[in-house]
Amino acid sequence: MDANWICFHPSPSKPRFKAPAGAVDAHCHVFGPEHKFPYAPERKYTPCDAPFEKLFALRDYLGFDKNVIVQASCHGKDNAALIDAMAHSNGRARGIAVIGEEVSDAELKAMDRAGVRGVRFNFVKRLVDFTPRDVLERIAARIAPLNWHIVVYFEMPDLPELEPFFAALPTTVVVDHMGTPNVRKGVDDPENQRFIRMLERHRNIWSKVTCPERMSIVGAPYDDVVPFGRLLIERFPDRVLWGTDWPHPNMKKEAPDDGVIVDVIPRVAPTAAQQQALEHPDRRLAPIRVLHAGYRRWEKIRWHASRATTMTFRGPSSSTRRNRARAIISTCSACR
Ligand code: 0GY
């Protein structure tokens, strides 16, 4: 681990906010453990290990039901730790991978079977080396038929250059961390307003309302970031997602308290309707809906009946699940 690395909070507080049944932490990572899943040679940082056991214990402690685990740059294009975490999740985690165009169709299918539902394109210069756009376009074309989506991570000043590329992507596009606005400039700043206009123009673009700890100038409980999340949830209630960002890589001052981060939810989504609004009929995105049972809906529509027999679920009996899966698969054009 890097000498000045700040590891995750050892004993987060219990949040006051009670997440609805089925709530999903739609942005979190697993790191290592390094002896089993070495970090990538091209990485820009070496974190402390943050294995799936810790992540799933935190999920339960915070009152969430499921996770969407996002491949972080320290593991490069080796998604083994991510896939191992999903395999140990008892069906309660899905993944966003990072891939290169050398990946084979068979590997993509295996990833899909393992629970991968999207790829991440990372444009943050301090985290990754440049990948040519035509490579990303070819990857996008490969994953679109799998009904995956694309998660994009960038810094707000780079949006003007990136927006045409995002708009032309053939899948749903999910922006990490509200586009990382400069909170000091305020929600009305032209930079942030450009981001809002992009979501107005392109209905395939969603935003994660995540990472107050990363953007805040004043620190916990992140009053200065709340208006940014609230604006997005008010304007685009059917295209927002929430996540912890555990284990919070590259924090500069202190390890954030995940309980405090959860308690930001009712401040950015003050009404029950907003908290529940995250259920959306777009079944392609249902897997990563937050704070609602969207994940269950996704399981129903994405699961082949044959697969349902091999997985362990909580909830209805396996025959009920199989019948539901069959019924929904037969009417869902987005399903395979
Ligand atoms: C985050 C934050 C960061 C890192 C990564 O892929 C990554 O390495 O995601 C960061 O340092 O900003 O959680 O997205």
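When you check I143 against the structure, is it of a type in the set (V, I, T), within 23 Å of C28 (Cβ to Cβ) and over 16 Å from the mean Cα position of the chain (by Cα), yes or no? If you could, list the steps in order and put the result at the bottom.
Values: of a type in the set (V, I, T): yes; within 23 Å of C28 (Cβ to Cβ): yes; over 16 Å from the mean Cα position of the chain (by Cα): yes.
In short, yes.
Checking R138 against (1) in contact (Cβ under 8 Å) with a residue 24 or more places away in the chain; (2) of a type outside the set (S, T, N, Q); (3) under 27 Å from D238 (Cβ atoms), which single condition isn't satisfied?
R138 satisfies all of (1) in contact (Cβ under 8 Å) with a residue 24 or more places away in the chain; (2) of a type outside the set (S, T, N, Q); (3) under 27 Å from D238 (Cβ atoms) except (3).
How about the stretch 125-151: which of its residues are more than 14 Å from Q71 (Cα to Cα) and in a loop (DSSP other than H, G, I, E, B)?
Scanning the stretch 125-151 gives K125, R126, D129, F130, T131, P132, N147, W148.
Within 15 Å of the ligand (Cβ to nearest atom), more than 25 Å from E137 (Cβ to Cβ) and at pLDDT below 95: does that describe N90?
On the way: within 15 Å of the ligand (Cβ to nearest atom): no; more than 25 Å from E137 (Cβ to Cβ): yes; at pLDDT below 95: yes.
So N90 does not fit the description; no.
Scan the stretch 36-54 for residues that are away from the ligand (no atom under 12 Å from the Cβ) and either in contact with a Phe, Trp or Tyr (Cβ under 8 Å, 6 or more places away or on another chain) or closer than 18 Å to N79 by Cβ (or both) and report the count.
Our first condition is that a residue be away from the ligand (no atom under 12 Å from the Cβ); within the stretch 36-54, this holds for 36-38, 41, 48-49, 51-54.
If we keep only those that are either in contact with a Phe, Trp or Tyr (Cβ under 8 Å, 6 or more places away or on another chain) or closer than 18 Å to N79 by Cβ (or both) as well, we get 36-38, 41, 48-49, 51-52, 54.
The total comes to 9.
Which of the helices (runs of 4 or more DSSP H) found entirely inside the stretch 174-281 contain at least 2 residues meeting this: touching a Ser or Thr at 6+ places or on another chain (Cβ under 6 Å) and of a type outside the set (V, I, T)?
Working: elements: 190-201, 212-215, 226-235, 258-262, 265-268, 272-276.
Answer list for the stretch 174-281: 258-262.
Mind listing whichever residues of the stretch 50-69 are touching a Cys at 6+ places or on another chain (Cβ under 9 Å) and farther than 19 Å from A19 by Cβ? Full working, then the answer.
Residues of the stretch 50-69 that are touching a Cys at 6+ places or on another chain (Cβ under 9 Å), as a first pass: 50, 55, 58-59, 67-69.
Listed by number, the list holds a single entry, A50.
How many of the residues making up the stretch 114-140 are within 16 Å of the ligand (Cβ to nearest atom), of a type outside the set (A, V, I, L, M) and within 17 Å of the chain's Cα centre (by Cα)?
Residues flagged as within 16 Å of the ligand (Cβ to nearest atom), of a type outside the set (A, V, I, L, M) and within 17 Å of the chain's Cα centre (by Cα) within the stretch 114-140 amount to 5.
Select, from D158, D224, the only residue that is surrounded by 14 or more Cβ atoms within 10 Å (Cβ to Cβ), more than 16 Å from the ligand (Cβ to nearest atom) and either more than 19 Å from G243 (Cβ to Cβ) or among the acidic types (D, E) (or both).
Working: D158 fails: more than 16 Å from the ligand (Cβ to nearest atom).
When all the criteria are applied, what remains is D224.
The values are calculated or read from the model by the stated rules, or taken from the named source; none is laboratory data. If you're wondering where the values come from, they're calculated on a predicted model, not measured in any experiment. Note: ideal-geometry Cβ built from the backbone for every residue, glycine included; neighbour counts use all protein chains shown.
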